[in-house]
Amino acid sequence: MAPGRLTPCVIRSAEEGDDIPGWVHNVSVWGVGLLSPRPAAAGDTLNVLLINAPHTFAFSVAVRVIRCYRVVNGDYFLGGQFAEPLRYDELLPFMV
């Protein structure tokens with residue numbers, strides 16, 4: 001599901017440890033698609049802070065990168081799988 005509004009996130013790699021601002025492209029109970037200014041290798045584990053569009057809900061989740069490719073605007077699309085599937089109450093704030 002693609003969020004109806006711009007949905008920010010903060011990406012932190014385990015190796016580098018610095019915060020990278022990004023955008024949620026799509027989200028499901030099993031994984032997430034992110035737009036990031038930096039690439040990540042398949043197999044990397046990222047800690048991602050997902051923030052809903054109105055900034056009323058946020059939570060941190062571990063994401064294992066499945067794929068990464070460059071998109072037209074120069075950012076990178078990171079497709080990843082959650083370590084644990086999201087619950088309905090965790091996914092709902094991104095659907096409204």
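The values are calculated or read from the model by the stated rules, or taken from the named source; none is laboratory data. These numbers come from a predicted model, not from an experiment. Cβ sites come from the backbone with ideal geometry, for glycine too, and all protein chains shown count toward neighbours.
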Taking the range 32-64 on its own, how many of its residues are surrounded by 14 or more Cβ atoms within 10 Å (Cβ to Cβ) and either at positive phi or among the hydrophobic types (A, V, I, L, M, F, W, C) (or both)?
-> 14
State all residues of the range 25-48 that are over 15 Å from Tyr69 (Cα atoms) and either touching a Gly at 6+ places or on another chain (Cβ under 6 Å) or of a type in the set (A, V, I, L, M) (or both); if no residue qualifies, say none.
-> Asn26, Val27, Val29, Gly31, Leu46, Val48
Which one is farthest from Met1 (Cα to Cα), of the residues in the range 65-96 that are surrounded by 14 or more Cβ atoms within 10 Å (Cβ to Cβ) and among the aromatic types (Phe, Trp, Tyr)?
-> Tyr76
Which of the residues spanning the range 18-28 are under 12 Å from the mean Cα position of the chain (by Cα) and either surrounded by 13 or more Cβ atoms within 10 Å (Cβ to Cβ) or at pLDDT below 95 (or both)?
-> Ile20, Gly22, Trp23, Val24, His25, Asn26, Val27, Ser28
Residue list for the range 1-27, restricted to those being in a loop (DSSP other than H, G, I, E, B) and touching a Pro at 6+ places or on another chain (Cβ under 9 Å) | Arg5
Those residues of the range 37-88 which are β-branched (Val, Ile, Thr) and under 16 Å from Pro8 (Cβ atoms) amount to Val48, Ile51, Thr56, Val61, Val63
Keeping to the range 5-34, report how many residues are among the hydroxyl-bearing types (Ser, Thr, Tyr) and either within 20 Å of Val96 (Cβ to Cβ) or without any contact (Cβ under 8 Å) to a residue 12 or more places away in the chain (or both).
-> 2
Quick one: which strands (runs of 3 or more DSSP E) sit completely within the range 30-75 and have at least 2 residues that are polar (S, T, N, Q) and under 13 Å from the mean Cα position of the chain (by Cα)?
-> 45-51
